[in-house]
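J.: So that we are looking at the same thing, I have put the structure below in structure tokens.
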Amino acid sequence: MAGVVAIFAKTYQATIILGFEKKTYLELMGKMHNKEYTSLDPAIHDGAAELVSQIVDNARLAFGAAGASIEKSIATIAVGPSVQIYLEKNPSIIVPITTEFGEMFLEMAARPPA
């Protein structure tokens, strides 16, 4: 499961991915909804998009306070047992995240604007 959003600024374009192990995602959504999930129910698919959007919105506030402006696309989701998202040959940063619910990662790939 992953949430994906593109961001656009004057000096770069980037893609942000928030990816989850299935177990992590189910436990996180269960905590958020106060309900137990055992499968990737369509009712919780949009949670990944919502979480990556919140991360980008917080970054937009920080960039805005520094005088920079960024825009974002509508977040999308990727669902499946072995999701693979390819970010072309752009430089990327992957941040592994360990939580009480399990493992997830945040990835950002950037390039100059087209």
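Only the coordinates and a few stated rules stand behind these numbers; no lab work does. Quantities reported herein were computed from a predicted structural model and do not represent experimental measurements. Note that each Cβ is placed from the backbone with ideal geometry, even for glycine, and that neighbours are counted across all protein chains shown.
J.: Once both axes come from the Cα atoms, what is the angle between helix 22-33 and the longest principal axis of the chain, in degrees from 0 to 90, rounded to 10?
T.: The two axes meet at around 90 degrees.
J.: Test of understanding: express the Cα radius of gyration of the chain as a ratio to 2.2 N^0.38 Å, with N the residue count.
T.: 1.11
J.: Once the Cα atoms of helix 46-65 and of the chain are each reduced to a long axis, what angle between those two axes, in degrees from 0 to 90 to the nearest 10, is obtained?
T.: In the chain, helix 46-65 runs at an angle near 30 degrees to the longest axis.
J.: Same structure, new question: What distance in nm separates the two pseudo spin-label positions at Q54 and E21, each 7 Å out from Cα along the beta-carbon direction?
T.: 2.1
J.: Also, quick follow-up: May I ask which residue of M1, Q13, T98 lies farthest towards the positive end of the charge dipole of the chain, with charges of +1 (Lys, Arg) and -1 (Asp, Glu) on Cβ and the Cα centre as origin?
T.: Projecting each Cα onto the dipole axis, the largest value belongs to Q13.
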